[in-house]
Each structure stands twice: as C-alpha cells, then as structure tokens.
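A.B. asks: Right, I'll just put the structure down here and ask away after.
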Amino acid sequence: MSLDRYRAAVVTGASRGIGAAIVRQLTIAGLEVHAVARSADALAELARETGCRPLALDIAHREAVLDALGPLDADILVNNAAASVRSAAAWETTPDAIDALMEVNIKGALNCLAAMVPGMKARGLGHVVNLGSMAGTWAFPGMPVYGMTKAAIHSLSQTLRLDLHGSGVRVSEIAPGRVETGAHLALMADKEEGRRRFYEGYESLHANDIAEAVMFVLSAPQRMDVTFMEIVPTDQSYGGSQFHRRGTT
C-alpha cells in the first residue's frame, strides 16, 4: 500500500485536532500538503512543525475557495472542517448556530468539491475523503442540527461516488465516534462539566487514530475504494448511545 500515485493534498479544518493530525501524517508521507483553516496563527505554527503550506481561508466563501484551491491541481481533498455549537433541541437552536453549521459543514464541503473535483476528473486520478460522524447515521439527543449536517455529508459521499463513476476518482467517508479533541467542550456552557461528562473515565479515540484511518483509505490500491468506515472506541457501542465508563459498573 502506497501513496506514490499522489503528489499534493488539501486538508480543511487543519489548524487543530483531527485536521492537524492528518496534515502531519501526509507530510511525513512526503506529500505537498495545503493546510486550510481560518486561524492564520495556528496554521503558521503547524507549518513550522510540519513544512505544510498554510492557507488561511473561510471555506464558506465560494469565490475565495475557487480562487485559492482551483489552481492547486491537488490529488487529495480531505473535507474535515466542521463547526461545533452548543447542544440544543431543534426548536431551541439559534439562527446563528444553524448558520454556522450549514455554512461550514455543508456549504464549505461543496465549495471545496467545486474547486477541486473538476481537475481530478480531468486527470483521471484523485481521492475525496469526507469526515462524517456517527451523528450522521445514528440519532443523538441534543444535537439535531449538527446531526443533520453530518447526515448530509453521508448522503453527499454516496451520491458523489455515483456522479464520479468511471472517472478514476475515489470517494471515502470516515465516520468517527467520540474523539478526544476538545470539540465536545463546545457543546456545553461549562467546559469543566463538559470534560467530566465526555472524557473523564472514558477511553475515547485520539485524533491520530482517525488520521491513520485516512492514510489507510488513501494508500489502498487504486482498484480498492473504501467507501464508508465507521470508527468507534472499543467501549462505545449501539450507535454511540452506550459508552462504558471505566471504573464503574
């Protein structure tokens, strides 16, 4: 298994967590990696560490994305960027929270596809990796709008593969369970309570676990397309609704 067929990659949401871990893995593999996020300072730090090419960009803006990503001729697009907002029932989710989720999680992914897929099709080679979530295929209370956006990514990944049939461009969706990146803390007003609720006593996944899964699907032989991969902690089951807390009965 090798990445030798690929030269360059674009990773969105690259400034921290899973995105930064993916950038690290791809640069170690020798690819030219364009790391995309809104935080220029965090990207600059990642560039010093990895040698990636930082690109401060709001992927919700179509023209800016087309101008920045279209000319890159990258072989890999990792749609990782996602907004997280405070948990709320559907009727309590604020308009600002709805806009943030829709703009980044759905519109941002579509904008990046618009910029990069035409070049992949023209070259007859490429790989789109969409980072979904268990929340897109299973029901979780308190986060319906986030789950809706990830369900959209699940549907997008399936239809994208149909639309690219015969082009040589592969499409993979990776849907993680709970990953200890700190993103869950955004779901609660009290961050310490969030840490106790989501992380303490639980053996969650790490960001690098997901990055290694991305490397696996990318490095598979060209004849092989891993279309959907759900990755959960060993202690998390039943669609994520059950999570064994160590030291408890």
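The values are calculated or read from the model by the stated rules, or taken from the named source; none is laboratory data. Fair warning: this is a prediction, and the values are worked out from it, not measured in the lab. Using ideal geometry, Cβ is built from the backbone for each residue, glycine included, and neighbour counts are taken over all protein chains shown.
A.B. asks: Say whether the condition of being surrounded by fewer than 23 Cβ atoms within 10 Å (Cβ to Cβ) and over 27 Å from Ala220 (Cβ atoms) is met by at least one residue in the range 107-117.
C.D. replies: Yes, the range 107-117 contains a residue that is surrounded by fewer than 23 Cβ atoms within 10 Å (Cβ to Cβ) and over 27 Å from Ala220 (Cβ atoms).
A.B. asks: Moving on to the next point. Which ones in the range 223-249 are at pLDDT below 95 and polar (S, T, N, Q)?
C.D. replies: Correct list: Thr234, Gln236, Ser237, Ser241, Gln242, Thr248, Thr249.
A.B. asks: Leu77: closer than 25 Å to Ser219 by Cβ, in contact with a Phe, Trp or Tyr (Cβ under 9 Å, 6 or more places away or on another chain), hydrophobic (A, V, I, L, M, F, W, C) and touching a residue at least 24 places away in the same chain (Cβ under 8 Å), yes or no?
C.D. replies: So Leu77 does not fit the description; no.
A.B. asks: Quick check: is even one residue across the range 39-56 in contact with a strand residue (DSSP E or B) (Cβ under 8 Å, 6 or more places away or on another chain), part of a loop (DSSP other than H, G, I, E, B) and either free of Cβ contacts under 8 Å to residues at least 24 places away in the same chain or of a type in the set (A, V, I, L, M) (or both)?
C.D. replies: no
A.B. asks: Then there's this: Within the range 79-128, can you find the residues that are within 19 Å of the chain's Cα centre (by Cα), closer than 30 Å to Ser2 by Cα and part of a helix (DSSP H, G or I)?
C.D. replies: Within the range 79-128, Asn105, Gly108, Ala109, Leu110, Asn111, Cys112, Leu113, Ala114, Ala115, Met116, Val117 meet the criteria.
A.B. asks: Which ones in the range 35-51 are of a type in the set (S, T, N, Q) and touching a helix residue (DSSP H, G or I) at 6+ places or on another chain (Cβ under 8 Å)?
C.D. replies: Initially, the range 35-51 is screened for residues of a type in the set (S, T, N, Q), giving 39, 50.
Passing the criteria: only Thr50.
A.B. asks: Moving to a separate point now. Given the options Met116, Met148, name the one that is of a type outside the set (Gly, Ala, Ser) and farther than 21 Å from His61 by Cβ.
C.D. replies: Met148
A.B. asks: Got at least one residue in the range 188-200 being at pLDDT 95 or above, surrounded by 14 or more Cβ atoms within 10 Å (Cβ to Cβ) and out of contact with any Ser or Thr (no Cβ under 8 Å at 6 or more places or on another chain)?
C.D. replies: No, the range 188-200 contains no residue that is at pLDDT 95 or above, surrounded by 14 or more Cβ atoms within 10 Å (Cβ to Cβ) and out of contact with any Ser or Thr (no Cβ under 8 Å at 6 or more places or on another chain).
A.B. asks: Still on this structure, I have one more. Using the structure shown, decide if Arg62 is at pLDDT below 95 and basic (Lys, Arg). Give the steps one after another, and end with the answer.
C.D. replies: Numbers: at pLDDT below 95: no; basic (Lys, Arg): yes.
No, not satisfied.
A.B. asks: Provide a single number: the residues in the range 33-64 that are surrounded by fewer than 15 Cβ atoms within 10 Å (Cβ to Cβ) and aliphatic (A, V, I, L, M).
C.D. replies: Residues in the range 33-64 being surrounded by fewer than 15 Cβ atoms within 10 Å (Cβ to Cβ) and aliphatic (A, V, I, L, M): 3 in total.
A.B. asks: Within the range 13-35, count every residue that is of a type in the set (Lys, Arg) and assigned to a helix (DSSP H, G or I).
C.D. replies: Summing the residues that are of a type in the set (Lys, Arg) and assigned to a helix (DSSP H, G or I) in the range 13-35 gives 1.
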